[in-house]
Amino acid sequence: MRRKDILIVEDEPDIAELIRFHVEREGLSPRVVSSGQTAMESIRSRHPDLVVLDLMLPDLDGLEVCRRLTWDEETRSIPILIVSAKGEEADIVAGLELGADDYVTKPFSPKVLMARIRTVLRREREPTQPEDTRRLQLGSGLVSIDLDRHEVTVEGAKVDLTLTEFGILAYLAGRPGFVRTRDQIISAVHGDNVVLTGRTVDVHVTAIRRKLGQVGSLLETVRGVGYRISEDGALDS
């Protein structure tokens with residue numbers, strides 16, 4: 001079985017080696033680069049299964065790397081985990097808005113970091129919903145969610161969601177009409193050990209609505225509580 005290819009983009013040698021050591025010990029295959037431009041060249045040469053990305057990099061900062069990856073059709077499906085000393089909420093929100101799937105602040109626990117890496121990789125291959133529910137439909141069939149392929153279409157046209165965005169949409173669509181708090185959404189998509197703010201959920205929901213276009217209104221805000229898919233919005237197929 002092929003080992004998952006993890007690209008570590010980090011210009012501090014000690015931190016890069018720490019991440020590389022734990023990634024390799026996990027049975028994954030790490031590659032390390034120390035600049036944003038080298039990262040882009042490496043990714044174009046061979047698409048990794050996950051990019052672990054620092055923000056403060058020489059020649060091309062991490063946010064720009066993230067932006068380029070998520071805006072390029074050939075690379076936008078590659079999961080991105082930001083690891084940065086920038087720990088303010090505004091920094092985290094900026095990274096998530098650009099399409100990162102998760103955000104870990106420095107200094108970090110290697111155990112927590114590896115748990116987050118495993119979670120992102122697991123979302124690549126495991127459906128969010130139970131085995132007997134493989135496809136969901138929203139808006140009388142206008143939106144289709146394929147849980148096996150991790151694909152969303154609107155009137156037959158594919159919508160490119162990040163792994164986190166897909167997880168949120170599938171989680172909410174699985175129980176139409178049920179309100180989910182932000183903490184419940186974080187736990188369902190990222191796991192109980194992940195510390196994220198409710199604001200990061202809001203950012204992802206806003207992105208999902210924008211990408212769904214006119215049918216984005218099916219994803220409703222319940223003021224003071226959280227989010228839900230409108231009761232008529234999701235039907236098992």
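Coordinate-derived values only; no laboratory data. Everything numeric here is computed off the predicted structure, so don't read it as measured data. No Cβ is skipped: glycine too gets one built from the backbone with ideal geometry, and neighbour counts run over all protein chains shown.
Count the lysine pairs in the chain whose Cα atoms lie under 25 Å apart, taking only pairs 8 or more positions apart in sequence or on different chains.
Summing the qualifying lysine pairs gives 5.
Using the Cα centre of the chain as origin and beta-carbon charges of +1 (Lys, Arg) and -1 (Asp, Glu), tell me which of 95, 107, 184 is placed farthest towards the positive end of the dipole.
184
Mind putting a number on the dipole of segment 135-236 about its Cα centre? Charges go on the C-beta only, +1 for Lys and Arg and -1 for Asp and Glu, and I need it in Debye to the nearest 20.
280
Please give the helix 198-212 orientation as an angle from the longest Cα principal axis of the chain, in degrees from 0 to 90, rounded to the nearest 10.
Approximately 70 degrees, to the nearest ten.
To the nearest 20 debye, what is the magnitude of the charge dipole of the chain about its Cα centre, counting +1 on the Cβ of each Lys and Arg and -1 on the Cβ of each Asp and Glu?
440
Can I get the semi-axes of segment 135-236's equivalent ellipsoid? Compute them from the C-alpha gyration tensor as square roots of 5 times the eigenvalues, in angstrom, largest first.
Semi-axes, largest first: 20, 14, 12 Å.
Compute the acute angle (0 to 90°) between the alpha-carbon long axis of helix 13-25 and the principal axis of greatest extent of the alpha-carbon atoms of the chain; round to the nearest 10°.
That works out to roughly 60 degrees.
Just round it to a whole percent: the fraction of Cα-Cα distances in segment 5-125 exceeding 16 Å.
55
Would you mind calculating the relative contact order of the chain from Cα pairs under 8 angstrom and at least 6 residues apart, reporting the percent as a whole number?
15
Over what distance in Å are the Cα centres of segment 2-74 and segment 141-162 separated?
Between the Cα centres of segment 2-74 and segment 141-162 lies a distance of 28 Å.
What do you get for the angle between helix 110-125 and the principal long axis of the chain? Use alpha-carbon atoms, 0 to 90 degrees, nearest ten.
50
Sum up the charges of everything whose Cβ sits under 10 Å from the Cβ of residue 82, counting Lys and Arg as +1 and Asp and Glu as -1, but leave residue 82 out.
-3
Specify which labelled value, from (i) 17.6, 53; (ii) 16.3, 47; (iii) 22.0, 74, agrees with Rg and Dmax of the Cα atoms in Å derived from the coordinates of the model shown.
So the structure-derived entry is (i).
What is the antiparallel percent of DSSP beta bridges lying wholly in the chain, to the nearest 5?
Working: 20 of 36 bridges.
Antiparallel bridges: around 55 percent, rounded to the nearest 5.
Can you give me the relative contact order of segment 135-236 as a percent, contacts being Cα pairs under 8 Å and 6 or more apart?
36
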